[in-house]
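Have a look at the structure below before the remarks.
The values are calculated or read from the model by the stated rules, or taken from the named source; none is laboratory data. Keep in mind the model is a prediction, meaning the values are calculated, not measured. Using ideal geometry, Cβ is built from the backbone for each residue, glycine included, and neighbour counts are taken over all protein chains shown. These area figures cover heavy atoms from the full protein model, side chains too; ligands, DNA and RNA do not enter into them. Shrake-Rupley method; radii C 1.70, N 1.55, O 1.52, S 1.80 Å.
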Amino acid sequence: MSSVLPYKEQSSGKKEQVANMFNNISKKYDFLNHFLSMGIDIVWRKKAIKMLKSHQPKQILDIATGTADFAIESLKLNPDAVIGVDISEGMLEVGRKKLKERKLDHKIELRLGDSEKLLFDDNKFDAVIVSFGVRNFENLEKGLSDMFRVLKPGGKVVILEFSRPAKFPFKNIYNFYFKAILPKIGKVISKDRAAYTYLPESVQAFPDGQNFLKVLNKVGFKNTKCRPLTFGVSSIYIGEK
């Protein structure tokens, strides 16, 4: 898992490299995200948040919140409080600016923090949400165990993450786009060559689908489900404590 690194020539660990990478691309991150996914990432986030509707969570934790898009989407659930945590100060800065502009800074609090060492009490949140963050964990099991710890009994986790399409011809189109086109566009716009080479590599190394559900079950989650989106380009994973 942690063998996939953004900056292979550096000796620092994955956590540090991921933080540096996101600091480097933070200013262009939102634009690239929507541009490279042709805006479909916005639809994915909406679908993922809808899965919590019947649960009506009052306290929500958004892990690897980045520029706070998922946290903002979660306000549709009408929670009392949303806290977003991220390892990259650069991303949080963009997020705070966005919240201020939209006058949402009183509803969402963004904090610098390590997703694998959450500074929250046990059984604190009704829901823990993550979009496109878990594959960047240095230690996946540790990160998921910590999510489990801060969730209240009966609480839900909703994770949105890239996966790999399995069916021809979409699998082939996707692989070509992800490996040949995306890194080139990402490099030109973000000026960080490594970031958008790391993206397909990290997706390739990630245990998606049923394999990810096994890890969720292993750390204690129950009633786990996987819902593939857009021919399996990404998937929503759900679990309960």
Task: Proximal lysines to Lys15, defined as alpha-carbon separation beneath 18 angstrom and excluding residues fewer than eight positions away on the same chain - done: Lys117, Lys142
Open item on the list: Return the Rg/Rh ratio of segment 3-63 with Cα-based radii and a Kirkwood Rh.
Closed with: 1.11
- [ ] Over the alpha-carbon set of the chain, divide Rg by the Kirkwood Rh and report the Rg/Rh ratio to two decimals.
- [x] 0.93
Task: Calculated P(r) tail over 17 Å for segment 1-103, as whole % of Cα pairs - done: 60
Task: FRET efficiency, 1/(1 + (r/R0)^6) with R0 45 Å, evaluated for Lys191 and Leu229 via beta carbons - done: 0.90
Open item on the list: For a bin width of 10 Å, list the pair-distance distribution of segment 77-193 built from all Cα-Cα distances, rounded to whole %.
Closed with: 11, 32, 32, 21, 4
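Mind ranking Arg96, Arg149 by accessible surface for me, highest first, 1.4 Å probe? Don't jump to the answer; show the numbers that get you there.
Details: Arg96 90, Arg149 65 Å².
Solvent-accessible surface, decreasing: Arg96, Arg149.
How high is the relative contact order of segment 133-236? Use alpha-carbon pairs under 8 Å, at least six apart in sequence, and give a whole percent.
On the way: 93 pairs, mean separation 39.0, N = 104.
Once divided by the residue count of segment 133-236, the mean separation gives 37 percent.
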Task: Efficiency of FRET from Cβ geometry, Lys27 and Asn217, R₀ 35 Å, rounded to 0.05 - done: 0.35
Task: 222 nm mean residue ellipticity, helices alone, for the chain (DSSP H n ≥ 4; -39,500 (n - 2.57); rounded to 500) - done: -12500 deg cm²/dmol
Open item on the list: Could you compute how much accessible surface Thr197 exposes when probed at 1.4 Å, giving the result in Å² to the nearest 10?
Closed with: 50
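In whole percent, what relative contact order does the chain give with Cα contacts below 8 Å and a gap of six or more residues? Write out the running numbers ahead of the final one.
Values: 436 pairs, mean separation 50.4, N = 241.
Rounded, it is 21 percent for the chain.
Checking the a/c ratio against 1.5 first, then a/b against b/c, what shape does the Cα gyration tensor give for segment 122-241?
Details: a/c = 2.72, a/b = 1.76, b/c = 1.55.
Because a/c hits 1.5 or more and a/b exceeds b/c, segment 122-241 counts as prolate.
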TODO: Sort Lys218, Lys47 by accessible area with a 1.4 Å probe, largest first.
DONE: Lys218, Lys47
TODO: First measure r as the distance between the Cβ atoms of Phe35 and Lys103, then evaluate 1/(1 + (r/R0)^6) with R0 = 25 Å and state the FRET efficiency to the nearest 0.05.
DONE: 0.45
